[in-house]
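Below is one structure; the comments refer to it alone.
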Amino acid sequence: MNIYIYSKNQIEKDYNLRNIISKFQKIEILGEYGELQIKQYIHNPQVYRFTSYKELIQLLYEHLREFTKEFDKYLLDEITPKIGNKNFNYSLLKSSSVRVLNFNYTNTYEQLYSPHSIYADSNPKFAYIHGKTCASEDCNLVLGAHSFFNKKPNVLDEEINVEFNIFKKHNQRHRYSTIESYQTLLKELGDKRKIIVPNFHIIGHSLDKTDHSILKHILQVRERSVINVYYHNQDALERMINNITEIIGEEEVMSKVRFIDQHDPKLGILIPIKD
């Protein structure tokens, strides 16, 4: 039997999932079971015993879900009450039909654009793609990694076991049923019996790789559409140009996308209140 003990100093250096799994696989071969001791920063040292590396993966995922519940509580207690800046007005183009695809976890849209606002639909439909804060044991928030290949091309010794897929956002969206409202929205926009020209407003999303597949389907669901991307500074603008080009391609960006300074007094969404 081999026992690997991770001290406070070692965990900073070796807290790498690939290294841990690699060492544990050696344990699995050499002994009937393995022990991994992690000395935490605050709590007393804990010893976890596994009969297979799958149990280690499951333990890590359980810890992730524990953190997710604490994060949910933090958002409800600390963030949600503070949404909205009294120094700004919030504005969107007036529309008689609003659909909200929310990659956040909070009810930001409802708070900033109440049903009484001329900028909000009286009955908007929401798709919380990563779940919504709920203060419940059935917390459905999605916290994970973007999709990855389980086997890297031309690299035979770096295979990622499928058990790690539980950490993918893609898998969690289905596991916690947050994808269903998105699928409904996608079908509504793609209904060829309806004449729809979607006007997309992308607000506060970095357009990074984590959500590329979701964004690609929704932004390309109709041949005719307008895509407004709001940015807060020049560095963000450059990143967004690059990221959305990776999602829908240069030709689509050229024909459909407008980049708008979110503080622009005419087209922006955050308009400073005049003294």
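Once you've got the Cα coordinates, tell me which of Lys169/Lys266; Lys132/Lys216; Lys54/Lys209; Lys73/Lys266; Lys86/Lys192; Lys69/Lys266 are over 32 Å apart. Walk me through the intermediate numbers first.
Working: Lys169/Lys266 37 Å; Lys132/Lys216 22 Å; Lys54/Lys209 27 Å; Lys73/Lys266 37 Å; Lys86/Lys192 43 Å; Lys69/Lys266 40 Å.
Pairs exceeding 32 Å: Lys169/Lys266; Lys73/Lys266; Lys86/Lys192; Lys69/Lys266.
Could you list which residues have their amide H under 5 Å from that of Ala145, counting only those 5 or more apart in sequence or on another chain, with H placed in the peptide plane?
Lys168, Lys169
What FRET efficiency, computed as 1/(1 + (r/R0)^6) with R0 = 41 Å and r the Cβ-Cβ distance, is obtained for Leu189 and Ser52, rounded to the nearest 0.05?
Working: r = 44 Å, r/R0 = 1.08.
The computed FRET efficiency comes out at 0.40.
What is the local net charge at Glu188, summed over the other residues whose Cβ is closer than 10 Å to its Cβ (Lys, Arg +1; Asp, Glu -1)?
Values: positive: Arg99, Lys125, Lys187, Lys194; negative: Asp191.
With Lys, Arg at +1 and Asp, Glu at -1, the neighbours total +3.
Enumerate the amide H contacts of Phe259 below 5 Å, restricted to partners 5 or more residues apart or on another chain; note that Pro and chain-start residues carry no placed amide H.
Val229
Output wanted: per-residue J couplings in Hz (rounded whole) for region 267-273, from phi through Karplus 6.51 cos²θ - 1.76 cosθ + 1.60, θ = phi - 60°, x for Gly and Pro.
10, x, 10, 10, 9, x, 6
Only the coordinates and a few stated rules stand behind these numbers; no lab work does. Here the structure is a predicted model, which means the values were calculated and not measured. Here the Cβ is made from the backbone with ideal geometry for all residues, glycine too, and neighbour counts use every protein chain on show.
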